[in-house]
Structures are given as C-alpha cells and as structure tokens.
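Read-outs throughout are calculated quantities, based only on the coordinates presented, and are distinct from any laboratory measurement. It should be emphasised that the depicted structure is a prediction, and the values quoted were computed from it without experimental measurement. Note that we place each Cβ from the backbone using ideal geometry, even for glycine, and neighbour counts take in every protein chain shown.
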Amino acid sequence: MTQFLGKGAVLLLLLFVHFSNGQSVDVSKRVDCFPEPGASQSTCQSRGCIWEEAPNGSPVGTPWCYYPTQSGFTVQSTGTNSFVLAAKSKNPYGDNISPLNVKYSSNGATFLLTIGNDDRYVPPVNFPKKPSTSSESLQFTSGTIGSSDIFSFKVTRKSTGVALWDTNIGGMQFADKFIQIATYLPTKNIFGFGDHIHKKIKHNLDRYTTWPMFARDIGPDSGSALSTQNLYGVHPFYICIESDGKAHGVFILNSNAQEVETGPGPHLQYRTIGGRIDMAFFPGPTPEEVVNQYLQHIGFPFLPAYWALGYQLCRWGYGSLDAMKTVISRNQAAGIPLDVPYADIDYMNHYEDFTEGDNWSGFPAYTQQLHSQGLHLIVIFDPAVEVDYASFQRGINADASFIEWARDDQVPHNIQDQYPMAKNTRIMLGNVWPERNTAFPDFLDTKNNTNVWWAGEFAQFHKTLPFDGMWIDMNEPSNFDTGTYSSMEEQLASAKLSCPVSGPDSSLEVPPYPTQAVYQRDGEYLFSKTLCMLGKTARRSRNFYDTKNLYGWSEARATYQAIPQVTGKRSAVISRSTFPSSGRYGGHWLGDNTARWEDLQTSVIGVMEFNMFGIPYVGSDICGFNGKSNEELCLRWHQFGAFSPFSRDHNSEGMPDQDPAVWPSVANAARIALGFRYYYLPFLYSLHYNAARYGHTVIRPLFFEFPKDEETLSISEQFLWGSALMIAPALYQGQTSVHAYFPSETWYSLQPETYGQKMFSGFNDVSAPLASLTPVFVRGGFILPRQAANTTTTASRLNPFEVLITVKTNAASSGELYYDGGDDLIPNDNIEQHPRVHWQFSFTSSVAGGVFTGNCETCSTSVKPPTLDTIEILGYPTTPNFNGFKLDGSSVTLDMSKTFYDSSIQRVMISTKNFISLMALKKKFTLTFT
Ligand SMILES: *[C@@H]1O[C@H](CO)[C@@H](O)[C@H](O)[C@H]1NC(C)=O
Ligand SMILES: *[C@@H]1O[C@H](CO)[C@@H](O)[C@H](O)[C@H]1NC(C)=O
Ligand SMILES: *[C@@H]1O[C@H](CO)[C@@H](O)[C@H](O)[C@H]1NC(C)=O
C-alpha cells in the first residue's frame, strides 16, 4: 500500500503508526531497515522506516533505522496449506511482488515452507529429500501482527509449545532482488551458518552481527576479534538449542548472494537478493537428530577410501619432483605415518590442468613407487582451463559448456580474438593461474556434455599419471583481478575481464542491495575476484548471478562422478567451495589459513561446523598455510590435526618447510598423535560409515552429546569422535595443561601418563605435554575397535583387530565395527548393497563375570577381516579367572604373556592369536568369563 503513496503520505502514515501504536521498538528487537552504509533520518524515513537513535548502552550494532513491526504483507486468500499474500509495505530495494505465494507441507517430521512464486529461480540441486523421523512434531500457525492485518506465522514444537520461528517481529519483504524475512528465536543458543570464521562455536546474540554468504576466494581471518567476511562456501543452516535442551535446525535453500543478521531479541533477519525462500525446519529433538534430519533432506556424505583417512603431506612450491621426493622420504625415514603425498599446482605445465611440467618428468614412475609402498597420490586441479591447448579444444569439440557472456556484443574481442579456439564463442574469458586466458567450465550444463568432457579429461590424464584422489581448488570460482567498465570502449581497452557497472547491462552487477559481501570490501562489487554476474550458465537458462554459489558444488559433483571411469576405485575429492550437499561428493579443507595460534583455535570450530553442514571429511591445513610456521605451533597443530577426519599438513609457496621431519620434536609428537589416530582408525572409519549410511556426524561438539548440560554450549575447543572419544587439544602458545570440561559421565584417560584413570566431572586441568599424546579421553559404556598402527593404513588395516571396552557402572557397553574392501567403489552410492562386515558388539558384567558378544549385522563373504585378537577392558573391578574363558561354550587358552589384570586402574587385557573370527561364516559369537 505505502509504495503507491507519496513521500509525505509515507511520513504521515509513519507518524501515525509511531504515535498511535507506540511503535518504538526496543533496541534489542529491531529489524534493520538500512543494512548498507549511509543511513540518515531522511533516507531512513523515505523508506517507510523508523529512525530512532540507540541510546548509550544499547547492544553493539543496534540499527537506528528499523522497520515498523507492522510491516510486510496481508493475506489476500487462504488455500489448503497455502496463502496468497498482497504487498502492504514499501520495499527499499524494489517493488514487492504481489500476489505472493506461501505454501507449506511436511516431509516426515521435517516441516517445509516456501515463500515465493513458482516462476522464481530455485537452485538445481536435486536433493534426495528423504522423509525424516522424529519423536517430536512441529506445528504451523498463521496470524497477524498486533492489531494489524499484516501476515505472520509461527512454527512451534508441539510437545512444549516453544516457537522455533515467530515472524511477529515484522519486516517481511519480497522484491525481485531483495527478499527478507525476520523472526524471533526461542533462545540465543545459535550454532552454524557458514562459511565464516567463528571465534566461538556459539553465536553471540548479545549484539547485532551480519554474516554475508557469497562464495569468495579469501583466506580466513582468525587474527581479528571479529571477522564476519564470507569465505569459500555458503551454508544457510543453523541449529538452536531451546531452553530445555531440545534442539531444532533450520535450513534455507537459496543460492543467491545472501546474509543473516542476528540480534539480541533474540532474533534473526535473513536477506537474499534473488530466488525465493525454501525453508526446512528439523525438530530434532537432539542436535545429532537435527543434523540427521538435515542430511535426510540434502543427502548423506560420501564414504572416503580408507587410505584417505591416513595422514597427508602437501606443500605449494616444491618446484620439482625431486623436491617432493626429498620431503616425502625424510618423513618416511622419520617413521611418520604417511598415506598421501600431494602435488599442488607446481606439477602442471604452466598451470594447465591435465598436464605435467618439465621438472616432473619422473612423476608417473614415482607414483607407481608410492603405490608399491601402499601410499596414494592426490593432485590439484583448478576448474578454469587455458583456452589455447588440447584440453580446451576437446571441450569445444565435445560441445561442453563454459560460462558465457549474455550477448555477442558484450564479448571483448580484443581479448577473445587472440585465441583461435575461443574466437567465435561467447565464452567469458578470465585469468587464473595459467599464463594466458582461461574459460570456466559450466558444470550446471543441462546437456551434461561438460561433465562428460571433464570426466574424460581426468580419465585421459590418469593414463599418464595414475593419481588416486582429486583436490579441486579455486572453485568459488576465483578470477584474479576482475575489472569494471562503463562503456564498450572501456571494455575493449581493458586487457582483463571487466564487468559493466553502469548502463542497462549493469543490473545484475550492481543490484539495489548487493549485501555485506560487497559493503565490507571497499570499492568492490559482486563480481570482484570472480566472473560477471550477467554470465550465463545451464545452457543459457540461468544467470551466474543466481548460480555462482553452486559453482564449487557442481564441480565437486562432476569430479566425484568421474571417479568410476578415472581410478575405478573409491577415492576422495577435496573441494574449497562448498554448498549444502557438497558432502555427498567430497570433503573440504578449511582454506588458506595462516600459521597463527588463532587459526589453530578456529580450526576446531570449523571442523565441528562442517560436520553440522554434512561435510564430515574436513580439516585445516596443519601448521598453517600462509606465513611462517614454527616448531611449537606446528607440533600442537599436528596433535590436533591427527584428530581431524581430513588430516593434512600444507604450506604456501616461499615459506620454510614445515613437514614434521623438519623438527625432531614435531616428528616425535606427530608419530605419537598420528600413531594414536592410526590405532583407532577402524573406529573413525566406522563413524564415516555411519555418516554415509545413516547421515550422522563424525566429529561432534560436546553439546551434541550433552545438550541439557548448559556448560557444553560454550565449549569451542574440545570435541568428540562420535559419542565416545573426547579430545581436548592444547591450542595456545606456552600452554602446558588444558582446562578441559568433563560432562557428568564416566571418562577414562587414554594419555599414557594417566592411562585408564577416571576423570572427575566438571572442569579439570589436564596435562598437555609436548612430547606425549594429546589429552584424549574415552567415555564409559562404549566399545571401540582398533588395529595396531603401521606407517600406512594399507599395512595397518591388515593387523589383527582389538577392542577397547569401557565400563560404565550398571550399564552395558556397546560399539560397532565396519570393515570393507577399503577402496572398492560403491556403485550408484548404494551403500546398503556394499560388500562389508558390520559387527555390533556388546559387553555386560556382573558379580558373576563378563559377557562379550558380537553380532554381524551384515556379513559379506567376499570381505575378509582380520581376527579379533585382543580385548582390553577399562573399569573392570576384579581379576577375571583367566582359565575360565569360554568362546561359544568352548574353553579358550589365552596368551598369558599378553594377558593380565592391573588392579590399580581396573584394567583387563586379554589376548591370543586368531582369537575371534570376524568372518561372515560366524555371524555371532559370545565370550564369557567369571
Ligand atoms: C625447475 O627446476 C629448476 C632447478 O631446480 C628451477 O630452477 C626451476 O625454477 C624449476 N621450474 C619450475 C617451473 O618450478
Ligand atoms: C553426466 O556425466 C557424468 C560423467 O560421465 C555421469 O557420471 C553422470 O551420470 C551424467 N549425468 C547425467 C544426468 O546423465
Ligand atoms: C608394517 O608394515 C610392513 C609392510 O607391510 C610390515 O613388513 C611390518 O611388519 C609392519 N609392522 C608392524 C609393526 O605392523
């Protein structure tokens, strides 16, 4: 309504609203009406918004210009699970779309809500959307704000009546390029949204903070007290813990430039500049169930090859194969467990994909040598290909698509015509690592030619260099130094990719509200460091403006899909840019961090967050990428990094070496920490299986297991492997102990100095020696499979199995073991059919003795696991009768050189060679003792 009124009328209306309804909004509950710089009373009021200074002592970032509460849309008509809304208030960045459709539905326990008409852009992400289950359900109710006719809605938890969302705060907008929705939140316990650096795992809702989400090639800034800059990927998903400890999650599917502003209401304001709002609400009620319901919706993570869980060693700047060989051999000689050497862009010929440089002539032979030692090779690939060599020509011949200009007359022929292969195309040429111009494959190609060509390039190159995994970088996508132009003359005078900043072609480049992704970088545009927003994708059916955030996701999918015809084995893809469901296709490293203590600290949070995002195979560059690392930092980073699912040391060009063999102390700490990792790898792999098969996390923040313990909500520097193993790494310079929190539970130390000791609950100072194991603890009531470590996983996975059983008073212990071929493909990702043995273990004890049982849930005869030879029990109160062991009723003779009871820590060790078969034939076993 107000958009049809003159400015004076708007002011009058406002005055009326302001005074008649006492509309002044508390400083903690304001919906920001002027998120860009330059707000003033007049610019604010001309938007139909309220201008009111925030008095001293107001929350940091309180907006002075805010929407009247009674702003938004009215209901024009109501249908079955749907509404047609009519625009009622003014949108500062364009005319609100009217009529506007809202519809809702349920998918199992997940509640789905769409705001936006059917003709709006929806990201082409083919989510599986499996119906979720939950013991709880959600309820939708619509209403109006105050005494007005402005539409609002609530999504409440049926069991408690708690409103997860309540849009009674006003401010809803829906113009073509500015869409906004705001809601009250039940508590300030908000976790998630990415890709950002969060200094604490829990968001700070005592202040107003805006987090832009627009994929960008930029290194994380952990050095500042607060850096809200958007990083490589986009994850509009959060988890909230309600005041009774119940958890829910909310996901907004949208691939445009977007952002969320959180405030002390507690409330949040979500803004996007295209597409529509497709929301999914997950009822939990535990945080793990929330993630599980989220992953039912977007897709379960891939199962990495077993070797990909080994330690990985990388650097940019090897310069030659010889340099790489030197570093790899010295770490092998130092006894560092090592599975995956890497080559960065150095190995390519002039940074061209699918080529090898002159200094790398022996690379294929070296790769064979690594294979013969049980190692595997991962090499880097960038998406942009130079437009003057065979790979590109094959792409053109195959009718692969590349991101293009919208019209012929936009093509800068001064650049284009230098390249016979690109001359008569509209392909938008940019500049990345190669010396000459590059084209950006469009992996959203609706004909799929691009993906077929891409897979073919990998396959052809693999015949030369038999690499095992693919590392895909620069896929935001990154373009170096994108410029601007205002006229075609300017465009033609420029030697680099430039985008229009004025005139009719600039509407996508300079939209009315470009988000904080632009405002927080002076003088920049949406296209800065990437391609022009007017670029065409998906066979010209989409604008790059809409799909940019999907670039890394689509490249990961194309790369993952190439694997069967490239290596023919299970593998691992690591991608820098990610989007919801990227985890189906690959893992992620936390980007170009810096060798600083702050970066080590935020790595812990990053690894936990990406597990919430469904990308459990994640880790940070150990020792730090940019900048010069040092002995103590590199040592501590290895102690932490050994517990990241993706565990890789990586270094930047020109920086001194930082592989563990550089310093004897780091080598020692790495041997110990990685030795522990390799020992417990069967447990970690079983967790990854549960992620891939059922949609679980691998790494968990403490609050995932103890959401009702409020203390855990603020623990940012400890984490769990699954439910059972807790790691409390040292993350500060000069630190000698960790002030670690132990939720009320039975915890046993696994550090050699205090092995088997029970920990008090609450905060404990635990010793964190440089020359020993990271503080790591195991929770009572669990059974963890393990295998003696070797220096490769290829060798360690052949060793006999062991189990560690931890006793919790008056409770059974349980655990599981997943074992398979390790690197055999899972055709069509059909993991249910994948050959495996999957054992469920349980242990109970009483005054009469102990009973340890195994049941093979799925047993494939083609999989031949080693025997289970050793059983260790922590917390067992008395000496067992070692002569009274019976396996399936028959007496067992134990190897008494490895069998004992240590009463000081109530520890039992039982061992004998070829003790318990885990082969398919057996299906179950029972071991009893008195
Ligand atoms: C190749 O190796 C030589 C000798 O080590 C070195 O000078 C040169 O910079 C290397 N070339 C590249 C492209 O790294
Ligand atoms: C597209 O091509 C890739 C690579 O050959 C293939 O794996 C994938 O299944 C294809 N997708 C479709 C939809 O045909
Ligand atoms: C480690 O693996 C090698 C190669 O398979 C083997 O020879 C060696 O015995 C193994 N060592 C241990 C301690 O398992």
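Results, tabulated for the structure shown:
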| item | result |
| --- | --- |
| Extension reserve of the Lys923-Ala398 stretch, reckoned as 0.36 nm per residue once the Cα distance is removed | 183.9 nm |
| Helical mean residue ellipticity (222 nm; -39500 (n - 2.57) per DSSP H run of 4+; nearest 500) of the chain | -5500 deg cm²/dmol |
| In sequence order, calculated HN-Hα J values of region 601-618 (Karplus, 6.51, -1.76, 1.60; Hz; x Gly/Pro) | 4, 6, 4, 4, 5, x, 5, 5, 5, 5, 5, 5, 7, x, 10, x, 7, 8 |
| Estimated FRET transfer efficiency when R0 is 30 angstrom, pair Ala848-Asp765 (beta carbons, to 0.05) | 0.15 |
| Under 17 Å from the Cα of Lys864 - aspartates and glutamates, other chains or at least 8 residues apart | Glu802, Glu816, Asp820, Asp823, Asp824 |
| Peptides 510-522, 119-131, 82-94 ordered by average Cβ neighbours within 10 Å, highest first | 82-94, 510-522, 119-131 |
| Inter-label distance for Ser105 and Asn810, nm, one decimal - labels placed 7 Å from Cα along Cα-to-Cβ | 4.9 |
| Inter-site label distance for Ser714 and Arg540 at 7 Å from Cα along Cβ, in nm | 5.9 |
| Per-residue HN-Hα couplings for region 516-525 [Karplus 6.51, -1.76, 1.60; θ = phi - 60°; Hz; x = Gly/Pro] | 5, 4, 8, 4, 7, 10, 3, x, 9, 9 |
| Percent of beta bridges antiparallel (DSSP, the chain, rounded to nearest 5) | 80 |
| Rounded tilt (10° steps) of 287-298 against the dominant C-alpha axis of the chain | 60 |
| Length added when fully stretched, Gln460-Asn349, from 0.36 nm per residue minus Cα-Cα | 38.4 nm |
| Separation of the Thr858 and Ser159 label points, Cα + 7 Å toward Cβ, nm | 2.9 |
| Cα centroid separation - region 393-423 against region 65-82, whole Å | 46 |
| Anchor Lys88: lysines whose Cα lies under 21 Å away (excluding residues fewer than 8 positions away in-chain) | Lys7, Lys103, Lys154, Lys177 |
| Part-to-part distance (alpha-carbon centres) for region 595-642 and region 756-795, which is given in Å | 19 |
| The chain, relative contact order [Cα under 8 Å, separation at least 6], % | 9 |
| Among the listed pairs Lys447/Lys496; Lys463/Lys569; Lys423/Lys536, those beyond 22 Å (Cα-Cα) | Lys447/Lys496 |
| Rounded tilt (10° steps) of 449-464 against the dominant C-alpha axis of the chain | 40 |
| Separation of alpha-carbon centers, region 863-904 and region 242-265, rounded to whole Å | 50 |
| Charge dipole magnitude, Cβ of K and R +1, D and E -1 - region 161-215, Cα centre, debye nearest 20 | 280 |
| Relative contact order of region 669-746, pairs being alpha-carbon contacts under 8 Å that are 6 or more residues apart, as % | 20 |
| Amide proton proximity set for Asn107, modelled H, under 5 Å, gap of 5+ | Leu112 |
| FRET E, pair Met909, Asp888, Förster distance 30 Å, beta-carbon r, rounded to 0.05 | 0.90 |
| Degrees between helix 551-566 axis and first principal axis of the chain (Cα, 0 to 90, nearest 10) | 40 |
| Set of lysines with alpha-carbon distance to Lys188 below 17 Å, sequence-local pairs under 8 removed | Lys29, Lys199, Lys200, Lys202, Lys246, Lys708 |
| Relative contact order for region 524-588, counting Cα pairs under 8 Å that sit 6 or more residues apart, in percent | 25 |
| J(HN,Hα) series, region 643-652, from Karplus relation 6.51 cos²θ - 1.76 cosθ + 1.60, nearest Hz, glycine and proline x | 10, 8, x, 9, 10, 9, 8, 9, 9, 8 |
